[in-house]
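S.K.: Can you read through this structure? Questions will come right after.
The values are calculated or read from the model by the stated rules, or taken from the named source; none is laboratory data. None of the values given here were measured: they were computed from a predicted structure. Backbone-built Cβ (ideal geometry, glycine too); neighbour counts: all protein chains shown.
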Amino acid sequence: MNLNLRAAILSNVSNHNAEQLEATIDDALQKGEEKMLPGLGVFFEMLWKESDEQERQEILDTLEQGLKQQK
């Protein structure tokens, strides 16, 4: 079986508006289930690809700060 998980995830949310996307992300974070991680990863990949260098640096700075808070 050849399952393209990325394509399936994108297909499931392709017609979502911003409010629906936010609800999907919030739901994934609140549930904290491991099975939600691939979907969040696809969202992150899309965000990264659509970001310019300044936005990428802001993302990296935010991630760095979040990691420091986890310690």
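S.K.: Of the conditions (1) modelled with pLDDT of 95 or more; (2) surrounded by 13 or more Cβ atoms within 10 Å (Cβ to Cβ), residue 6 fails just one. Which one is it?
M.R.: Failing condition for residue 6: (1).
S.K.: For a quick check of your reading of the model, give me the residue pairs whose first member lies in region 48-71 and is outside any helix (DSSP H, G or I), whose second is of a type in the set (Gly, Ala, Ser) and at pLDDT below 95, with beta-carbon atoms closer than 8 Å and at least 6 apart or on different chains.
M.R.: Nothing qualifies.
S.K.: Tell me which of these residue 13 doesn't satisfy, since it passes every other one: (1) loosely packed, with under 12 Cβ neighbours inside 10 Å; (2) within 15 Å of the chain's Cα centre (by Cα).
M.R.: Residue 13 satisfies every listed condition except (1).
S.K.: Somewhere in region 60-68, is a residue surrounded by 10 or more Cβ atoms within 10 Å (Cβ to Cβ) and in contact with a helix residue (DSSP H, G or I) (Cβ under 8 Å, 6 or more places away or on another chain)?
M.R.: For region 60-68, residues surrounded by 10 or more Cβ atoms within 10 Å (Cβ to Cβ) and in contact with a helix residue (DSSP H, G or I) (Cβ under 8 Å, 6 or more places away or on another chain): absent.
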